[in-house]
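The values are calculated or read from the model by the stated rules, or taken from the named source; none is laboratory data. Note that the coordinates shown come from a computational prediction; the quantities given were computed from them, not determined experimentally. Here the Cβ positions follow ideal geometry from the backbone for every residue, glycine too, while neighbour counts run over all protein chains shown. SASA here: full protein model, heavy atoms, side chains in, ligands and nucleic acids out. Shrake-Rupley method; radii C 1.70, N 1.55, O 1.52, S 1.80 Å.
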Amino acid sequence: KQWYQRRVAITAGIIHQKMADVEQQPIMEGEQHATEVAPAQSEGFETYNDATAVPAETKPVQIEWKITKIEENAEELRKLFVGGLNRETTDEQFREHFSKYGEVIDSIIIRDENKLSRGFGFVTFGTIEATDTCIKDKKDESIHVMQGKKVDIKRAIPKELPPSQHDSRDKVFLGGIKDGITEEILGKYFEDVFGIKEKTVSLKRDPEGKLKGFGFLTLDADTDDMLKSDVVDKIIIVERHNLNGTQFHAKKAAPKNQSYNYRGRGGHGGGYRGRGGFGGYQQPYGQMGGRGGGNRYQPY
């Protein structure tokens, strides 16, 4: 009897040790311990031993941006082109119409050598916010009416940008995209800085998934056309965007048969006003010869 009890004790000890060894062994990929329940597997979810999948905590996208033109209230973003003016509108009436949005730094109706209105002009506000509000009021067709005529208002585009940048577009080319910048980061940037909520950001990658350095921003079709046009103008006027320690550039997406390359900003002395000449304006109001100044802006 004593011999039998010793054998039982020895056997129990061996079995206990074997079980301990099994518990310490790592489970190989694709295997599951017989005494465990396989947890639910789902991308983007955390799993627990009760086999219940719960959404993983979503961390907010962190971005750091710096836009000198916006932070310094740059004149390029405060200037409007105004077309379709009644030829009888006076300089005083012109300025008065826009003064309700805030301080007007400068305003002028372009005139010919006989001092007759050419039907368009320019306004420079004291703040970017006043400029934005004035453009948004285009949604109400009854607001921007002068002397019985509805006028056309848009942000003035610097003349040194090529013709493709003066067209109305809803797609923006993004170049110089560095590693670490994702569609999600760009999407948050354009929403936070430019207020674009309905958009698609797509970055081009090679077959291995490596960034090619460029992509596109497309505003959704249901975005108001007038506001869509202005926000694209604003993005390309800024041109150089600093995001998370890197810089990328933006241009209106050109047709495939056109190049994105163009000469940089600079040259064109005389500035917007110059009181001596507003040369270089093009369609739809005709070509104006410069008279001692040279202008950096044109309507389209």
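Of the strands (runs of 3 or more DSSP E) lying entirely inside segment 64-143, not one carries at least 2 residues that are buried (at least 19 other Cβ atoms within 10 Å of the Cβ) and among the hydroxyl-bearing types (Ser, Thr, Tyr). Among the conditions (1) polar (S, T, N, Q); (2) more than 21 Å from the chain's Cα centre (by Cα); (3) buried (at least 17 other Cβ atoms within 10 Å of the Cβ), the only one that GLN165 does not satisfy is (2).
A quick yes/no check of all residues on (1) surrounded by fewer than 20 Cβ atoms within 10 Å (Cβ to Cβ); (2) among the acidic types (Asp, Glu); (3) more than 13 Å from the chain's Cα centre (by Cα):
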| site | (1), (2), (3) |
| --- | --- |
| PHE173 | yes, no, no |
| GLU191 | yes, yes, no |
| SER202 | yes, no, no |
| LEU219 | no, no, no |
| VAL231 | no, no, no |
| ILE235 | no, no, no |
| GLU239 | yes, yes, no |
| ASN242 | yes, no, no |
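Close contacts from segment 69-98, counting a first residue that is within 15 Å of THR124 (Cβ to Cβ) and a second that is open to solvent by 40 Å² or more (accessible area, probe 1.4 Å) and part of a helix (DSSP H, G or I), with Cβ to Cβ under 7 Å and a gap of 6+ residues or different chains, come to GLU76/LYS69; LEU77/LYS69; LEU77/ILE70. Within segment 155-165, is there a residue that is in contact with a Leu (Cβ under 9 Å, 6 or more places away or on another chain) and not β-branched (Val, Ile, Thr)? Within segment 155-165, one or more residues are in contact with a Leu (Cβ under 9 Å, 6 or more places away or on another chain) and not β-branched (Val, Ile, Thr).
The strands (runs of 3 or more DSSP E) located wholly in segment 177-256 include none with 3 or more residues which are within 21 Å of GLU129 (Cα to Cα) and among the aromatic types (Phe, Trp, Tyr).
Check SER142 against each of (1) over 26 Å from ILE70 (Cα atoms); (2) modelled with pLDDT of 95 or more; (3) among the small types (Gly, Ala, Ser) and name the one condition it does not meet. Going through (1) over 26 Å from ILE70 (Cα atoms); (2) modelled with pLDDT of 95 or more; (3) among the small types (Gly, Ala, Ser) one by one, SER142 breaks only (2).
Across segment 144-160, the qualifying residues are those that are out of contact with any strand residue (DSSP E or B) (no Cβ under 7 Å at 6 or more places or on another chain) and within 12 Å of GLY84 (Cα to Cα), and the one among them that is least open to solvent (accessible area, probe 1.4 Å) is MET146.
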